[in-house]
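Accompanying notes for the structure given below.
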Amino acid sequence: MGSAVAAAAAKAGGAVVGWWTPAMPLARIAYLRAAIYAFLIIDILTIRNDVVAHAYASELYRPKLIGRLIPFPTPTVEMARVLQVVIIVGALVVIAGILPRLVGWIVGLAYLQWLTYSMGYGYVAHDHMALVVAALVLPTVAAATYTSAEHSQAAGWAIRSMQVGVIATYFGSAIAKWARNGSPLAWANGAVFVWALMRRSTDLSRWLLDFPWLLVVAQWGLLIIEFLSPVVLFLKRRALALAICGFLLFHLVTYLALGIHFLPTVVCWLAFMPLERIPAWLQRHRCRSPVIVER
Amino acid sequence: MSSPSRIRPLSRAGVITRLAAVVAALSVLAVGQLTVSNDLFPFGALSQYSTARDLDGTVKSTFLEVEMVNGERRHVPLNPSYVGVSRAEVEWQLGRIRSDPSLLQALDNAHKELRPDADRFAVLHVMRNTYQLVDGVRQGDPETEELATWAVQ
C-alpha cells in the first residue's frame, strides 16, 4: 500500500517537473527577448516613467519589502538617470543578441530597482508582475536565434514561468478579491465598476453609469473568467487562440472604457504564441506572391 | 511541425534550482493574496480594484487645490509631472500626510524642480470630494472636505 502511494506520488511529481520544464523551441526565446526588452524601454520611458519625478519628492519614498531587503540607494535624480541608461543600452544589446544572459541579468536587476523606486511611493501597479518575471527568467536561457531548430528545457522553463506569471495576474486578482471582501460574491455584486467609471470614465464609457445593473453583470463575467484563467495553461491550438483573443479583447475594452491598458501584462501573452513559426509563415506568404514572367 | 533537430536538456541542478525558484515565488504570491499585502511586490496582492464597493455607498476622489503666491486659488493635477507623485500615491499615504502635513513640502519641492517657470505655490490644500450612490447611481453634487493644509517653506 505504502509503495503504491509512493509510486503514484513519484509519477505525479514527475508530471509536475515535466510540465514546468518542457522542451520548447529556442527560437521563441529570441522573439520574446526582442519584444520584452523593447517593451522594457517603452515601459521606463512612457508607463512607469515617474522615477525621476519621484526623486524630487523623496520624503514620500516608502519602499516595499524588496526595497528594504535589497540595499538599493535612496532614489535620486542621478540614480534614476543611470538606471535609464543601463536599462536602455542593456536592452538594445540583448535585442542585438549580444551576451543575452550576462547583460540580461544586469538589465533585469536594474529594472527591478527602477520599479522598486517607481512603486515605492504607495501605489503599486498590478499589471507588472508578468513583465518582471519575464525580465528575470529570460536571462536563464542560452543565446537563441530566430531560426534555431533546437528545443531546450531551459527555454521551456522560462516560457512556462512567463505563462504562469500572466495567468497568476488574473487568478491572483480573483483570490485577492475574495480575501479582501470575505467572499467573491461581495465584489461581483458591488459597485466597483461604478466607482472606477466615476473617477476615470472616457467619452465612450460615461453612458454606462446610467445602467449600473449592466456593470454588475460585467463584474460577474470578469470574476468568472479570472477564476477560470488557469485552464488556459492547458489549452492548445484553436482553444488557446480563442482564449488569448478573449483576454486581449477584455484589455481593449478596459482601455476604451477607463483608459487602463495593462500593456505590461498584454505583451507577456506572447509567451503563449508559437512565435517560432514566424519564419515558416513568412516563407509561405512569400511563395504565394504572383511571379511576373517577362516575355 | 517537423520534429526538433536537437533537444538541450537541463542538468539535475538546473531543474532543482528552477523548481525551487517557482516554489518560492508561488509561496510569496499566495501569502500576498491571502494577506492582501502590496508590500510583497512584485509578488504581492493583485488587489487593483479588488475592494468591493457598496451600490448604496460613497465614491471618494482626492484632489489638490493650491493658493498661489499671487493669491489665486487653483486646481493642480495630482500627477508626477506636476508635483512628483500621483493621486493614487497621495491617497495611499493620506494617513501619514494628515498626521504630518509637512510631508506636503515634498510636492512643492518637486514642483519647483519640474516646472521652474510656473507660478509658485503658497499654500497646499489636499481636498476630497465624496459622492453618494443609490443603487449605483450618483446622487447630485459631492460633499467637499479639506483633509490637510501646508504653507510652503
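The values are calculated or read from the model by the stated rules, or taken from the named source; none is laboratory data. Quantities reported herein were computed from a predicted structural model and do not represent experimental measurements. Using ideal geometry, Cβ is built from the backbone for each residue, glycine included, and neighbour counts are taken over all protein chains shown. Protein only, heavy atoms only, side chains kept; ligands, DNA and RNA dropped before computing areas. Shrake-Rupley method; radii C 1.70, N 1.55, O 1.52, S 1.80 Å.
Using a Gaussian network model of chain A in which every pair of alpha carbons under 10 angstrom is joined by a spring, one finds that among A:ILE260, A:ILE95, A:ILE87 the greatest mean-square fluctuation is at A:ILE260.
Calculated from the alpha-carbon coordinates, the range A:60-108 shows an Rg and a Dmax of 13.2, 39 Å respectively. In this structure the amide hydrogen of B:ARG8, modeled in the peptide plane, comes within under 5 Å of the amide hydrogens of A:HIS151, A:SER152, A:GLN153, none closer than 5 places in sequence on its chain. In the elastic network of chain B, a GNM with C-alpha springs shorter than 10 Å, the most mobile of B:VAL85, B:VAL28, B:VAL134 is B:VAL28.
Note: relative contact order over chain A, using C-alpha pairs below 8 Å and six or more positions apart, is 24 percent.
Accessible surface calculations at 1.4 Å, restricted to protein heavy atoms, place the range B:1-62 at 53 Å² per residue.
For helix B:12-35, report the angle its Cα long axis makes with the longest principal axis of the Cα atoms of chain B; keep it between 0 and 90° and round to the nearest 10°. In chain B, helix B:12-35 runs at an angle near 30 degrees to the longest axis.
Which of these, B:TYR82, B:TYR131, B:TYR49, has the largest mean-square fluctuation under a Gaussian network model of chain B (Cα springs below 10 Å)? So, out of B:TYR82, B:TYR131, B:TYR49, the one fluctuating most is B:TYR49. Pairwise alpha-carbon distances in the range A:64-181 exceed 23 Å for 41% of all pairs. Packing here is the average count of other Cβ atoms within 10 Å per residue, and on that basis the peptides B:143-149, A:236-242, A:100-106, highest first, run A:100-106, B:143-149, A:236-242. When only Cα pairs below 8 angstrom with a gap of at least 6 residues are kept, chain B shows a relative contact order of 22 percent.
Shown for the range A:187-231: the carbon plus sulfur share of the solvent-accessible area, taken with all protein chains present and a 1.4 angstrom probe, equals 73%.
In terms of the Cα gyration tensor, with a ≥ b ≥ c the square roots of its eigenvalues, is the range A:211-263 rounded because a/c is under 1.5, prolate because a/b exceeds b/c, or oblate? Oblate, since a/c reaches 1.5 and b/c is not below a/b. Relative to the compact-globule estimate of 2.2 N^0.38 Å, the Cα radius of gyration of the range A:124-168 comes out at 1.27. When accessible surface is computed with a 1.4 Å probe, chains B and A are found to bury approximately 6100 Å² between them, both chains counted.
Counting only whole DSSP H helices of chain A, the ones at least 30 Å long by C-alpha along their axis and with mean Kyte-Doolittle hydropathy no lower than -1.0 are A:153-181, A:237-258. Hey, how many Å between the Cα centroid of the range B:43-88 and the Cα centroid of the range A:96-153? If we compute the Cα centre of each part, the gap is 32 Å. Relative to one another, the C-alpha centroids of the range B:11-37 and the range A:204-223 are positioned 36 Å apart. What the phi angles of the range B:121-126 give under the Karplus curve with 6.51, -1.76 and 1.60, with θ = phi - 60°, is a coupling list of 7, 10, 9, 9, 10, 8 Hz, glycine and proline written as x.
Pairs of Cα atoms nearer than 8 Å and 6+ residues apart set the relative contact order; for the range A:93-196 it is 26 percent. Legend: Rg and Dmax of the range B:1-96, from Cα coordinates, 23.8, 76 Å. With a 10 Å cut-off around each Cβ of A:137-146, the average count of Cβ atoms from other chains is 1.
Relative to the longest principal axis of the Cα atoms of chain B, helix B:105-114 runs at roughly 80 degrees.
For the protein assembly as shown, the fraction of alpha-carbon pairs lying more than 35 Å apart is 39 percent, rounded to a whole number. How would the range A:142-211 be classified by its alpha-carbon gyration tensor: rounded, prolate or oblate, with rounded meaning a/c under 1.5 and the a/b versus b/c comparison settling the rest? Because a/c hits 1.5 or more and a/b fails to exceed b/c, the range A:142-211 counts as oblate.
Look at the Cα gyration tensor of the range A:1-111: its axes a ≥ b ≥ c give a/c of at least 1.5 with a/b at or below b/c, and that counts as oblate.
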